[in-house]
Each structure stands twice: as structure tokens, then as C-alpha cells.
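Trainee: What follows is a single structure, and I will ask about it in a moment.
The values are calculated or read from the model by the stated rules, or taken from the named source; none is laboratory data. If you're wondering where the values come from, they're calculated on a predicted model, not measured in any experiment. Backbone-built Cβ (ideal geometry, glycine too); neighbour counts: all protein chains shown. Ligands, DNA and RNA are stripped out before the accessible areas are found, and what is left, the full protein with its side chains, is counted by its heavy atoms. Shrake-Rupley method; radii C 1.70, N 1.55, O 1.52, S 1.80 Å.
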Amino acid sequence: MSNQHYYNSGQHLRAKHQLAGDEFARWVLDHIPNWTHKKILDAGGGWGRFVWLLLDHYRVSSHNIVLTDLSEGMLRTASNEASQRAVENQVAVCDIESLPFVGQHFDIVMANKVLYHLSDLSRGVGELARLLKPDGYLLATTNSDKITAMIIDFHYQALDEHGIPYTPESPSPFSMENGGDILADHFGRVEQYYYEDEDLIYDASEVRAIYETIGRYRNLLVGDDISAHDKEALPQTVERLAQAVIDRDGVVRSPTLMGAFLCSAPNYS
């Protein structure tokens, strides 16, 4: 099932990011030493995870940031967040493959964990390059295909236990392993940085809480090919599977491998 339903609102993605914390996002933003007074585009930025960090910790004015997303629901969540913070936010509903801005307008463009969703990846990256000033930067993040996230392993185990058929996902069209070559077609310089970490989880209910925020589970809830009983039972099964690991090993280990590309010297051809 596609992720369309999951991205109709930023509610669950915001919960997922809040559970994950800000360490990765701040590590990403620290790759650019000075954000102050820069014109910034957060393309496909969802509910604004990176925007709020820029406002809170990097001395950026909300007037200097434009947040875009293809989902109106995501941007409604972002606007609600802005209202709670009593700040103005500039948002635009648009596709990364066709961005409604004049060329060479932004100092920094971000595309965080979004490029693998594009139908025409080369066109989308070309659009991001087009919008950058000659001395500007693109900051793009994604996951590594070298590992499968702990929560996804539990998801597949739970589906197997309930006899729910699924098709394992193909390798990402934009990962830490293949993204550099794609970006190099549009930028003269591409720097690659890996982020590796491991969370140790001692309470199985925390694994369940994470599971209930992910798109693979939330999208199952709107389908009519899975029984209501199975939909309700999947988080319980995930929690039980996690508890079995804790009983055996004393902890659930959740390794992380993802990273960022810092791109400069945009190619306008």
C-alpha cells in the first residue's frame, strides 16, 4: 500500500520525530556553519521538523524560510505548530519536480528524507539545483540500504504471524549508497556524511509506541483487506515480539545508519 494516507496529515510523522528526538536533525544542520540571514527552502519538509530547529537553535527568522510539501495536510500541521509557537510561517503546496520559485533565489535548500518519493528523481534534483544561488548549498538526507530498521523487522514478523501477505520493499531509489551519483549529475561538488547510532530499548511498550507512528502500520488501518481484529492486534504482537527479545537479551537494540549529502556548485544546464 502507498504512503498517501500516512502523509495526509503530519500528526503521526510529528509523533514519530518527537519520539526519535532532535539529535540526528541537529547533526544534519550543523554541516552548514552559518544559517543566519540566509534564504532557505525546506522542500518536502512535511510538518516542519527542521524548520522549528532552525528557529529555536540557529538564529533564523521565520521570514527567511519557505516550507513546501505536496500534502496540504502536512502543511496544516506545520501551520498549527506555527500558531502554537506564535510565529509566522511561509508554506506552499507544490511538487519538488516543479517548484514555483524563480531560479537562483535561495542560499540553502533542504530535502530531508523525501527524494526517494519522487517519480522523476533527476528532474526533482535539477529543480533544487535551479533554485540555488551559485554559492548556495543543497542539504539532502536519506537512509542507508545497508541495514533494515528494527521496527520494520518487527513489522514483517508481525505480518507473518498474522498471515498477512506483503511484498518486501525494493532498495531505495535514493539512498546513502546510490544518492551521490544522482546528485553529481547536478552539482559540481557532493560531500557524503554517514550518521551511525544505536538506541537501547528496555521497555517493550516503547517499541509499540514507535510502531504505532510508522507509515507501514498506519496505512494498513485504512485498507479493507485486513480484518479489524488483525489491525488492532498488530501493535500488541509487535510489543510481544519486542518483549521476547528483551527477555532473551535484556534489551532491544535499534541500530541507525543514515546520513546527509552536502552539495555545492549547482549545474544550471
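Trainee: Using the alpha carbon gyration tensor of the chain, what are the three equivalent-ellipsoid semi-axes (square root of 5 times each eigenvalue), largest first, in whole Å?
Mentor: Numbers: eigenvalues 224, 77, 69 Å².
Ellipsoid semi-axes (Å, largest first): 33, 20, 19.
Trainee: State the answer as a single residue: which of Val245, Thr167, Gly223 lies farthest towards the positive end of the charge dipole of the range 152-267, with beta carbon charges of +1 for Lys and Arg and -1 for Asp and Glu, about the Cα centre.
Mentor: Projecting each Cα onto the dipole axis, the largest value belongs to Gly223.
Trainee: Rg and Dmax in Å for the range 1-119, alpha carbons only: what are they?
Mentor: For the range 1-119, the Cα-based Rg and Dmax read 13.6, 42 Å.
Trainee: What residue among Asp224, Asp135, Asp69 shows peak mean-square fluctuation when the chain is described by a Gaussian network model with Cα springs under 10 Å?
Mentor: Asp224
Trainee: Here is a further query. Suppose all protein chains stay in the model; what accessible area per residue would a 1.4 Å probe give for the range 71-230, in Å²? Write down the numbers at each step before the final one.
Mentor: Working: 8040 Å² over 160 residues.
With the other protein chains kept in place, the range 71-230 gives 50 Å² per residue.
Trainee: Please report the spacing between the Cα centers of the range 197-230 and the range 9-83 in Å, no decimals.
Mentor: One Cα centre to the other: 24 Å.
Trainee: Using a probe of 1.4 angstrom, how much of the accessible area of the chain is carbon and sulfur, in percent? Please report the intermediate quantities before stating the final value.
Mentor: Details: 6090 of 13310 Å².
That fraction is 46 percent.
Trainee: Turning to a different aspect of this structure: Would you list, by chain and number, the lysines whose Cα falls below 19 Å from the Cα of Lys113, excluding same-chain residues fewer than 8 positions away?
Mentor: List returned: Lys16, Lys146.
Trainee: Same structure again: About its Cα centre, what dipole magnitude does the range 148-211 give when the only charges are +1 on Lys and Arg Cβ and -1 on Asp and Glu Cβ, stated in debye to the nearest 20? Each step should come with its number before you reach the end.
Mentor: Numbers: 2 positive and 14 negative charges, 48 e Å.
So the magnitude is around 240 debye.
Trainee: Just to be sure I follow: if Rg is taken over the C-alpha atoms of the range 41-111 and Rh is the Kirkwood radius over the same atoms, what is Rg/Rh?
Mentor: Details: Rg = 11.4 Å, Rh = 12.2 Å.
Here the Rg-to-Rh quotient is 0.94.
Trainee: Tally Lys and Arg at +1 and Asp and Glu at -1 over the other residues with C-beta under 14 Å from the C-beta of Asn64: what net charge comes out? Numbers along the way, then the final one.
Mentor: Numbers: positive: Lys38, Lys39, Arg59, Lys133; negative: Asp42, Glu88, Asp107.
Cβ neighbours under 14 Å give a net charge of +1.
Trainee: Quick one: work out the % antiparallel among DSSP beta bridges in the chain, nearest 5. Numbers along the way, then the final one.
Mentor: Values: 21 of 37 bridges.
The antiparallel fraction comes to roughly 55 percent.
Trainee: So what are the range 1-60's ellipsoid semi-axes, whole angstrom, largest first, if each one is the square root of 5 times an eigenvalue of the alpha-carbon gyration tensor? Working shown, then result.
Mentor: On the way: eigenvalues 118, 35, 18 Å².
In descending order the semi-axes read 24, 13, 9 Å.
Trainee: Under a crude label model (7 Å from the Cα following the beta-carbon direction), how far is Val102 from Val251 in nanometres?
Mentor: 5.5
Trainee: Could you calculate the contour length gain from Tyr156 to Glu196, that is, 0.36 nm times the residue separation minus the distance between their Cα atoms, to one decimal place in nm? Walk me through the numbers on the way to the answer.
Mentor: Values: separation 40, 0.36 × 40 = 14.40 nm, distance 2.32 nm.
Separation in residues times 0.36 nm, less the Cα-Cα distance, equals 12.1 nm.
Trainee: With unit charges on the beta carbon (Lys/Arg positive, Asp/Glu negative), name the residue among Asn143, Leu53, Met258 whose Cα is farthest towards the positive pole of the charge dipole of the chain.
Mentor: Leu53
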